[in-house]
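Enquirer: Let me give you the structure first, and then I'll get to my questions.
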Amino acid sequence: MKKRLLFSFAIFCAVVNLVAANDSTNTTPKKLVADPVNAGLKTPSGFSASIVADNLGRARHIVATEQGGIYVKLERLKEGKGIVYLKDADGDGKMEINKTFANYYGTGIAIKNGYLYASSDQDVFRYKLDDKGNVIDTENPQRIVKGLWDKRQHASKSLALDDAGNIYVNIGAPSNSCQETDRTKGSKGMNPCPILDSAGGIWQFKVDLADQSYHNGVRYATGLRNVVGLDWNQQQKKLYVTMHGRDMLYTLYPDMFDTTVSAELPSETMYAINKGDNAGWPYVYYDHFQQKKILAPEYGGDGKKTGGENAIDPIVAFPAHMGPNALLFYTGNQFPEKYRQGAFIAFHGSWNRSPLPQEGYYVVFVPFKDGKPSGKWEVFADGFSGTGVVKNPREAQHRPCGLTQGPDGSLYVSDDVKGTIYKISYPSK
């Protein structure tokens with residue numbers, strides 16, 4: 001009899017546990033999975049980092065929804081799709097692929113006023129979002145811009161939007177320095193540079209007109225070799241951009257520049273842009289050691305002659321060849337006060353700083369006040385490369401490319417080597 005009672009009690013307990021496991025009203029939250037050693041990143045004291053998604057493909061720019069999802073633009077199609085939508089459905093701190101769509105690859109992606117905007121290397125599309133941040137119709141986006149230059153070199157079309165119904169599109173120059181024969185020793189620079197008619201600048205279009213092209217848009221700013229990072233500053237109501245500088249000073253002009261100078265120059269630059277601005281490419285480059293605009297050798301320069309009297313100056317200058325691929329002004333409240341309204345920049349990492357080690361592969365922070373830098377830039381998150389010294393960019397395990405701010409004020413960083421998405425937070429004590 002005693003054995004029967006024990007057996008019956010065991011059956012009863014098993015049934016109760018089974019019901020509890022399948023009871024949809026059981027609201028016990030999942031325990032968040034902590035990442036070991038800060039996801040491999042070095043961040044300032046008090047910050048923590050985790051990997052929220054991985055192996056997505058060549059993840060370029062990213063954008064977070066108000067509801068906490070993330071849209072990722074891919075530089076190469078994965079299983080025929082170029083946009084990935086991520087969502088943490090079970091609350092474990094990791095994001096699952098909710099859906100994939102779009103039959104084109106590219107870099108640019110943004111959200112504004114209930115629409116998702118995404119670019120290929122030639123066109124810009126927009127998708128209507130529902131109140132949960134989901135694209136309503138993934139198969140039939142509205143094409144708002146078409147037929148932009150795509151000559152492979154510097155082909156990505158990064159995006160930013162203002163509050164007045166305009167979208168800003170980078171059209172990179174398919175050239176190093178507008179030589180008659182690109183990247184060729186002894187080839188002269190073309191003057192005027194014909195590329196600037198259709199590339200090497202920022203074009204402005206309307207967000208709600210279909211199939212606009214060059215004749216519908218406005219060349220908002222010129223003399224910008226390739227702007228992969230750009231953001232609209234809500235405080236200043238102004239566009240800010242980061243530009244990739246030119247290459248090959250030593251290779252093309254060994255009589256003027258040695259290998260070390262060529263590794264350090266010209267500067268990678270950040271600009272505050274007003275309509276009609278000219279940043280000076282290809283005629284000049286910026287030298288952060290001399291703190292001057294220097295006449296390019298293709299146009300008679302020798303490394304010392306200044307030029308570009310009518311060109312704007314950068315507001316920040318960084319070492320050469322580091323690849324500033326994303327710019328984000330922080331508007332959240334989660335991070336400490338020093339970071340608020342400041343700029344984060346994702347540096348993709350260099351490939352041509354030999355004989356010096358390669359540089360970049362990190363996210364930096366620039367403090368701002370009243371729309372201007374208020375202090376020196378500093379490395380904010382490092383360790384993406386997975387190695388102490390990078391001699392060849394192929395050694396880098398991850399390369400930062402995109403930035404977005406989550407609704408809780410966390411910072412997300414994308415990597416286009418393995419398709420990793422990092423989340424950097426400042427947990428409350």
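The values are calculated or read from the model by the stated rules, or taken from the named source; none is laboratory data. Being a predicted model, the structure only gives us computed values, none of them experimental. Using ideal geometry, Cβ is built from the backbone for each residue, glycine included, and neighbour counts are taken over all protein chains shown. The area values use the complete protein model at the heavy-atom level, side chains included, leaving out ligands, DNA and RNA. Shrake-Rupley method; radii C 1.70, N 1.55, O 1.52, S 1.80 Å.
Enquirer: At 0.36 nm per residue, and after removing the present C-alpha to C-alpha distance, how many nm does the segment from Asn113 to Asp163 gain when stretched out fully?
Expert: 17.1 nm
Enquirer: Say a paramagnetic label sat at a point 7 Å from the Cα of Met248, along Cα to Cβ; which residues of region 169-190 have their backbone N under 11 Å from it?
Expert: 175-188
Enquirer: If I compute Rg and Dmax of the Cα atoms in Å from the structure I just sent, which labelled value in [x] 22.4, 74; [y] 24.3, 105; [z] 23.4, 90 lines up?
Expert: Checked against the structure: label [y].
Enquirer: In the chain, with Lys and Arg counted as +1 and Asp and Glu as -1 at Cβ, which of these residues, Asn166, Tyr250, Thr107, has the Cα nearest the positive end of the dipole, that is, farthest along it?
Expert: The one lying farthest along the dipole's positive direction is Thr107.
Enquirer: Give the residues of region 348-377 whose amide nitrogen is closer than 17 Å to a point set 7 Å from the Cα of Lys391 in the direction of its Cβ.
Expert: 350-359
Enquirer: Next up: Normalised by the residues of the chain, what does the relative contact order come to in percent, with Cα pairs under 8 Å and at least six apart?
Expert: This gives 14 percent for the chain.
Enquirer: Relative contact order for region 229-349 using alpha-carbon pairs under 8 Å, separation at least 6, rounded to a whole percent?
Expert: Reported relative contact order: 26 percent.
Enquirer: For region 361-429, what is the accessible area per residue in Å² when the probe is 1.4 Å?
Expert: 44
Enquirer: For region 322-429, what relative contact order do you get, as a whole percent, if you take Cα pairs closer than 8 Å and at least 6 residues apart?
Expert: Rounded, it is 24 percent for region 322-429.
Enquirer: Helix 2-22: angle to the longest alpha-carbon principal axis of the chain, degrees 0 to 90, nearest 10?
Expert: Helix 2-22 and the main axis of the chain meet at about 30 degrees.
Enquirer: Just subtract the alpha-carbon distance of Gln291 and Ile315 from 0.36 nm times their residue separation and send over the number in nm, one decimal.
Expert: Gain on stretching Gln291 to Ile315: 7.5 nm.
Enquirer: Rolling a 1.4 angstrom probe over the protein heavy atoms, how many square angstrom per residue are accessible across region 135-213?
Expert: It amounts to 43 Å² per residue over region 135-213.
Enquirer: So if I place +1 on the C-beta of Lys and Arg and -1 on the C-beta of Asp and Glu, and nothing else carries charge, what would the dipole magnitude of the chain be about its Cα centre? I want it in debye, nearest 20.
Expert: Roughly 820 debye for the chain.
Enquirer: So how far apart, in nm, are the two label points at Asp182 and Lys275 if each is 7 Å from Cα heading toward Cβ?
Expert: My value for the distance between the label points is 3.1 nm.
Enquirer: Do the sum for the chain: with -39,500 (n - 2.57) for every DSSP H run of n ≥ 4, divided by all residues, what is the mean residue ellipticity at 222 nm, to the nearest 500 deg cm²/dmol?
Expert: Computed mean residue ellipticity for the chain: -2000 deg cm²/dmol.
Enquirer: Can I ask one more? Along the Cα-to-C-beta direction of Asn352, a point sits 7 Å from the Cα; which residues of region 255-285 have their amide N less than 12 Å from that point?
Expert: 262-266
Enquirer: While we're on this one: Find how many whole Å separate the alpha carbon centroid of region 302-342 from the alpha carbon centroid of region 371-429.
Expert: 16
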